[in-house]
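Single-structure report; data block below.
The values are calculated or read from the model by the stated rules, or taken from the named source; none is laboratory data. On a predicted model such as this, the values are computed, not experimentally measured, just so you know. Positions of Cβ are generated from backbone atoms using ideal geometry, with glycine treated the same way; all protein chains shown enter the neighbour counts. Keep in mind that these areas ignore ligands, DNA and RNA; they rest on the heavy atoms of the full protein, side chains included. Shrake-Rupley method; radii C 1.70, N 1.55, O 1.52, S 1.80 Å.
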Amino acid sequence: MTTIYQLNSRIIHCQRCPRLARYISEVSAAKKRAFSAWDYWGKPLPGYGDTQARLLIVGLAPAAHGANRTGRMFTGDSSGEFLAQTMHLHGFAEKPYSRNRDDGQELHDAYVTAVVRCAPPENKPLPMEKRNCLPYLAEEIRLLKKVCVILSLGKFAWNGTWEALANLGANLPHPRGAFGHGVESHIRHPLRDREIHLLASYHPSRQNTNTGRLTPAMFQGVFARASEILRHEEE
Ligand code: SF4
């Protein structure tokens, strides 16, 4: 039976999307001037965190000069910092920052992943690339046996999460919940005898956090709700 570590190894070596393989290779060779001394990761990215996690956090895809550079999801850019600060406040992260793979970060009861594992040009994967990559998210949901809350960051991740659950055989509601900040839904877990809760948040991209579309208080509110659900699960 596949383990999460075997899955991660498969992801790192994946070449299903020629356009993305070419792009991450090119961007990693060209580099951003500020990171010219870096040896970019330049490969697909697996998720990372606590393999006993009950909270799964799903993003869109690695950023070209963020996670594609550092080799860890949500690491090395402003989105990652925003996420780490909030996760730390709520006890899901050891450190309030996320800078590189050696920064001592450790996640508690949380696992961070994305719908697409290769940085796409302009953060816009093609529909076929999303389809190619979605089985990895479904496989993560299957292997992370304790997950009971999935927090999707942004509309792309929200839709991808529903599709991954459908791939696992979940009975989705019709219509399924439309994306919005703070939206939540719950369905029967497709593989376990319990519910799975779905939460949505605006993505902590610079575009959202710099314009006030997503404030620290709004983001913390979503994590407070995730914590509340997890507390109830313990009762
Ligand atoms: S986006 Fe996903 S499916 Fe496509 S090459 Fe990268 S890891 Fe493979």
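If you add up the charges near residue 230, with Lys and Arg at +1 and Asp and Glu at -1, over every other residue whose beta carbon is less than 14 angstrom from its beta carbon, what do you get?
Values: positive: 54, 146, 194, 225, 231; negative: 50, 109, 184, 195, 228, 233, 234, 235.
Around residue 230, the charge tally is -3.
Go through 43/130; 43/124; 95/146; 31/145; 32/155 and tell me which ones have a Cα-Cα distance over 26 Å in this structure.
Where the Cα-Cα span goes over 26 Å, the pairs concerned are 31/145; 32/155.
For the range 4-234, which whole percent of the accessible surface, found with a 1.4 angstrom probe, sits on carbon and sulfur atoms?
That fraction is 50 percent.
Take 130, 43, 145 and sort them by solvent-accessible surface of the protein heavy atoms, 1.4 Å probe, largest at the top.
My answer, sorted largest first, is 145, 43, 130.
Compactness ratio of the range 23-79: Cα Rg over 2.2 N^0.38 Å, N = residue count? Please list the in-between numbers first.
Values: Rg = 12.3 Å, N = 57, 2.2 N^0.38 = 10.2 Å.
Dividing the Cα radius of gyration by 2.2 N^0.38 Å gives 1.20.
First measure r as the distance between the Cβ atoms of residue 195 and residue 215, then evaluate 1/(1 + (r/R0)^6) with R0 = 25 Å and state the FRET efficiency to the nearest 0.05.
Values: r = 29 Å, r/R0 = 1.18.
Step by step, r from the Cβ atoms, then E = 0.25.
Keeping all protein chains in place, calculate the accessible area per residue for the chain (probe 1.4 angstrom), answer in Å². Intermediate results must be reported in sequence, preceding the final value.
Details: 10950 Å² over 235 residues.
Normalised by residue count, the accessible surface of the chain is 47 Å².
Taking only Cα atoms and a 10 Å spring cutoff, compute GNM fluctuations for the chain and point out the largest among 60, 126, 198.
In this elastic network of the chain, the residue with the biggest mean-square fluctuation among 60, 126, 198 is 126.
Run through the DSSP bridge list for the chain and note the antiparallel percent, rounded to the nearest 5. All intermediate terms of the calculation are to be shown ahead of the outcome.
On the way: 8 of 22 bridges.
Taking every DSSP beta bridge within the chain, about 35 percent pair in antiparallel fashion.
Give the ranking of 233, 81 by solvent-accessible surface, highest area first, calculated with a 1.4 Å probe. Could the numbers behind the result be given before it?
On the way: 233 75, 81 50 Å².
Largest accessible area first, the residues go 233, 81.
Restricting to DSSP H runs of at least four residues, report the calculated mean residue ellipticity at 222 nm for the chain, -39500 (n - 2.57) per run over all residues, nearest 500 deg cm²/dmol.
On the way: 8 runs with 92 residues, N = 235.
One gets -12000 deg cm²/dmol as the mean residue ellipticity at 222 nm.
What is the magnitude of the charge dipole of the range 1-120 about its Cα centre, with +1 placed on the Cβ of each Lys and Arg, -1 on the Cβ of each Asp and Glu, and no other charges, expressed in debye to the nearest 20?
With Lys and Arg at +1 and Asp and Glu at -1, about 600 debye.
Does the range 1-131 come out rounded, prolate or oblate, given a ≥ b ≥ c as the square roots of the eigenvalues of its C-alpha gyration tensor, rounded meaning a/c under 1.5 and, failing that, prolate meaning a/b above b/c? Before the final figure, lay out the partial values.
On the way: a/c = 1.82, a/b = 1.25, b/c = 1.46.
Oblate, since a/c reaches 1.5 and b/c is not below a/b.
At q = 0.08, 0.12, 0.14 Å⁻¹, work out log10 I(q)/I(0) for the range 4-234 with the Debye formula, treating every Cα as an identical point scatterer and leaving solvent out; two decimals please.
After summing over all Cα pairs, the log10 values are -0.26, -0.60, -0.84.
What does the C-alpha gyration tensor say about the overall shape of the range 57-175? Classify as rounded when a/c is under 1.5, otherwise prolate if a/b is larger than b/c, or oblate.
It comes out oblate by the Cα gyration axes.
Around residue 12, what is the net charge, scoring Lys/Arg as +1 and Asp/Glu as -1 over all other residues with Cβ under 9 Å from its Cβ? Write down the numbers at each step before the final one.
On the way: positive: 10, 43, 117; negative: none.
It works out to a net charge of +3.
So how far apart, in nm, are the two label points at residue 2 and residue 102 if each is 7 Å from Cα heading toward Cβ?
Modelled inter-label distance: 3.2 nm.
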